[in-house]
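Structure provided below as structure tokens; questions to follow.
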Amino acid sequence: MQFRNIFDVFSRRQRVSKSAMPPVTTTLKNKVLMLCRDAFSGIRNYGMIPPYSGTEMQDRFWREIHDALTYKLGRPTLIPEYPSKSRKEDVLNFLTSCGDEEFLDFIELIFKTEIVGFVCADENRLVDDINELLRSENVGYELTHIVKKRITLDSSNQATEPIGYAIPGQQYQVDDVVAYPQIILKEDMVVHTEILKPVLNLLADVRFANANKEYLEALEDYRKGDYGDCLTKCCSALESVMKIICTQKKWEYKPTDSANRLISAVVAGAKLETYFENFLTTVPTLRNRLSKAHGAGIESKHVPQDIARYALNESASAIIFLVDATK
């Protein structure tokens, strides 16, 4: 597991008040730990035949998790006051007694282990099972899907060679992770189900990798209270989607085009009525008037929470509408 992946976890992104976080129940912890037991011992089938015995798979998984958590916390033993016989025992004792943020970090770290690739042909099947457990406890969290893209590597390049026994000069197709699963808060269950979840599912398509990253960052900015940055990144995600659509459809545009020019290009290319431009310019207009994207000048700019929430919902609706209208 790479160091940057160890430290890019829920607790490092999360900046909301602890009182605003839905509690992680003991039952949820137990359910997730039981799922890991079954997934990494071969009891639950995720499309791969494990190359090791169930016991060895378990040991490898918990060793990776233990190493990641000890580095993250900066101590060689997770519970120093209670010496454990093994790393597996130490990490299990920790996870059953740790705080909510630490446990949510653990859920994200599952998908950054090397051993998960030996268990899951498609990690999103495991993501879906964890989301079922989250729903079963009615907690306000959901895990986003992993996003990958297929790349070609040349085994003659030792710096990027992923397979130690590769034939020199031979090319290999490998899946490169664009975005690992992230825990998100479902602050408004209706809005999340009807608007946010559909756009997150849509943006999980590798074609929209940049837009997916920008929209997830907008959600994080909203939760941190950085409403100006949230508004800016909502518009960036919308612009990225429009550029991708124009590129795929071979509609003329310039990489430096403003949001309004991109909207005009997409509306014309999709043969939509021109009045749709008025609706689609809402988020760019708010960004231009209120956010810090173009500098405040001598006048202080302030984006209130309700405007940032509106931008999240409006940009999500606009993205879904434009992708559907240009299929």
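Select from the range 306-327 the residues that are in a helix (DSSP H, G or I), charged (D, E, K, R) and surrounded by fewer than 18 Cβ atoms within 10 Å (Cβ to Cβ) and list them in ascending order.
ASP306, ARG309, ASP324
Which numbered condition trips up PHE61, out of (1) under 18 Å from GLU114 (Cβ atoms); (2) touching a residue at least 60 places away in the same chain (Cβ under 8 Å); (3) hydrophobic (A, V, I, L, M, F, W, C)?
The number of the failed condition is (2).
PHE3 - would you say it is surrounded by 17 or more Cβ atoms within 10 Å (Cβ to Cβ) and under 25 Å from the mean Cα position of the chain (by Cα)?
So PHE3 does not fit the description; no.
Turning to a different aspect of this structure: Within the range 194-243, track down each residue that is more than 18 Å from PRO181 (Cα to Cα), surrounded by fewer than 18 Cβ atoms within 10 Å (Cβ to Cβ) and not basic (Lys, Arg).
Result: GLU194, GLY225.
Mind listing whichever residues of the range 15-40 are hydrophobic (A, V, I, L, M, F, W, C) and either modelled with pLDDT under 80 or in a helix (DSSP H, G or I) (or both)?
Scanning the range 15-40 gives VAL16, ALA20, MET21, LEU28, VAL32, LEU33, MET34, LEU35, CYS36, ALA39.
Would you check which residues across the range 75-101 are in contact with a helix residue (DSSP H, G or I) (Cβ under 7 Å, 6 or more places away or on another chain), over 24 Å from ARG44 (Cα atoms) and surrounded by fewer than 20 Cβ atoms within 10 Å (Cβ to Cβ) and list them?
PRO76, THR77, ILE79, TYR82, SER84, GLU101
Could you say which residue among GLU187, GLU142 is modelled with pLDDT of 85 or more and under 23 Å from ARG309 (Cα atoms)?
Going through GLU187, GLU142 in turn, just one is modelled with pLDDT of 85 or more and under 23 Å from ARG309 (Cα atoms): GLU142.
The values are calculated or read from the model by the stated rules, or taken from the named source; none is laboratory data. Not measured: the values here are computed from a predicted model. Virtual Cβ from ideal backbone geometry, glycine too; neighbours counted across all protein chains shown.
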